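The values are calculated or read from the model by the stated rules, or taken from the named source; none is laboratory data. Since the model is a prediction, treat every value here as computed from it, not as a measurement. Neighbour counts are summed over all protein chains in view; Cβ atoms, including those assigned to glycine, are modelled from backbone coordinates with ideal geometry.
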């Protein structure tokens, strides 16, 4: 049964379903906004792609087995990156050993022990956010006064402590976010079984969140691995020989890149590019691996 | 359906020991009639009291959630708590093993005596309270671990490590889940169906042999078949445990409970109050309070 359009409606419901009124204008605005958002996303990816491409293009020519297994030459020109990569790895590893347990414990305090809306936890969270915003050179100078100057010597360990301070807020905040994802009914369940909180945390909450905590820690470590300023201040005078003693000066990649690039010599630039490529590759691999782990642990959490 | 007789007529507690609970409210409530005699009630020896709750009043911050509740819960009976949404049923049951402690602003006045010991006394440790008073929640909440590890988790952490396999099997058998899972104990508990998960949670709770099992709407997230298996399970379990169950399903209360407490929402103050507490068949066949009658006959407004 058909009938004429009811006169009380302000439009004709039987008209074809093409845009009418100001819908045409609204559609255009919507498309423009969408275009801007997509464009911005492409800019971000493009910047990354250009950086990676440039580093690969300039660094690939130096890259060889020799480059990886030789120590740098005295003034940063030529030579390889063996001692600096190993030095960087040791410095970063010590930093992680300091920062990750403390960061995870801070996160456990904030999510598991502090009362909701606790003032201490709130202050702590703000402190961590501020610490995250402190320029790394400031942390470097702080450690210079605290460790390096009293020791009268650059040490890898001083660099480790500075990097640990940089990692700490990243580890704590990311672990906190993951612990928050652990469903609270799990905590209720373990509470209701008459098991104390700490045992619940180590046997239920932490295993459930483990993937995410590991991921967050890897991301924090990767971020700190590329930090240069604290190492320039605290660990930049090492001879280029391989050393495993963190309590003495330790060669490391960021400082090597800096000295090589300041050599005003094409061979120096090449070394800097090569070292930059290796550093970038390691950090990208760590990032991608960490994100893969995170995705897996998310799937586990959601059943 | 409200006339349905629960099969508990023979286990009526001694009426002299169980004073009928009446709560004073600001609402104009007719003076309660004297307790009707229960047909067929045989004099029974008084059952041991597990919970002796005196004047329990619960606040969340400044809001009063539950007012002036006084009742006793008896050993090896199923006690049901029924009432409309927001009447304080969950608040009540969660206050029995201090699960509300973690809620900001929670405060409890009055006394909750468990075998004569004050649950909220300063010397009482809430972890120890929960070790003896287990709880199963509305939504199944198995740990993201294997079926075996779910049941074995609490015994392991409480130091009950001897004969763990045997203990796990016993708990799963008691929860009538053993037959369904015995060949896949190492499989993740999250792969079980909702009803199986809930029975696993019950098995997990009884693996540490609690004295009391608190069930907070244990079947409300389950389908009728799974609900029926949980109800059958309760009949089995009450021989060994004292069970308190919150349910919004009156038929369920009528089917499983020996004693039933009806809570209601005070229409003026919006505070949950205990209206009537009696044997289940009394509550469902000839309740003393008109509000109870209206609720159990579905005339509740």
field: Sole exception among (1) exposed (fewer than 15 other Cβ atoms within 10 Å of the Cβ); (2) more than 9 Å from chain A (Cβ to nearest Cβ); (3) at pLDDT 90 or above for residue B:128, by number
entry: (2)
task: Among the residues of region B:56-96, count how many are part of a loop (DSSP other than H, G, I, E, B), crowded, with 19+ Cβ neighbours inside 10 Å and either at positive phi or at pLDDT 90 or above (or both).
output: 4
query: Which is farther than 26 Å from residue B:256 by Cα, within 14 Å of chain A (Cβ to nearest Cβ) and surrounded by fewer than 23 Cβ atoms within 10 Å (Cβ to Cβ), of B:182, B:186, B:161?
result: B:161
- prompt: Looking at region A:188-226, which of its residues are more than 7 Å from every other protein chain (Cβ to nearest Cβ), within 13 Å of residue A:108 (Cβ to Cβ), more than 26 Å from the chain's Cα centre (by Cα) and crowded, with 20+ Cβ neighbours inside 10 Å?
  reply: A:200
- request: Quick one: residue A:111 ticks every box in (1) within 14 Å of another protein chain (Cβ to nearest Cβ); (2) at pLDDT below 90 except a single one, so which number is it?
  value: (2)
message: So for region A:177-185 (the condition being surrounded by fewer than 24 Cβ atoms within 10 Å (Cβ to Cβ), closer than 30 Å to residue B:206 by Cα, at pLDDT below 95 and more than 14 Å from every other protein chain (Cβ to nearest Cβ)), does at least one residue qualify?
response: yes
statement: The residue that is farthest from residue B:223 (Cα to Cα), considering only those in region B:143-153 that are crowded, with 22+ Cβ neighbours inside 10 Å and either more than 8 Å from chain A (Cβ to nearest Cβ) or touching a strand residue (DSSP E or B) at 6+ places or on another chain (Cβ under 9 Å) (or both), is B:152
- request: Determine whether region B:7-14 contains at least one residue that is in a helix (DSSP H, G or I), more than 24 Å from residue B:290 (Cα to Cα) and at pLDDT below 90.
  value: yes
- prompt: Does at least one position in region A:87-102 carry a residue that is over 30 Å from residue A:202 (Cβ atoms) and either touching a strand residue (DSSP E or B) at 6+ places or on another chain (Cβ under 8 Å) or modelled with pLDDT under 95 (or both)?
  reply: yes
message: Of the residues A:248, A:274, only one is more than 24 Å from residue A:158 (Cα to Cα) and either assigned to a helix (DSSP H, G or I) or in contact (Cβ under 8 Å) with a residue 60 or more places away in the chain (or both); which?
response: A:274
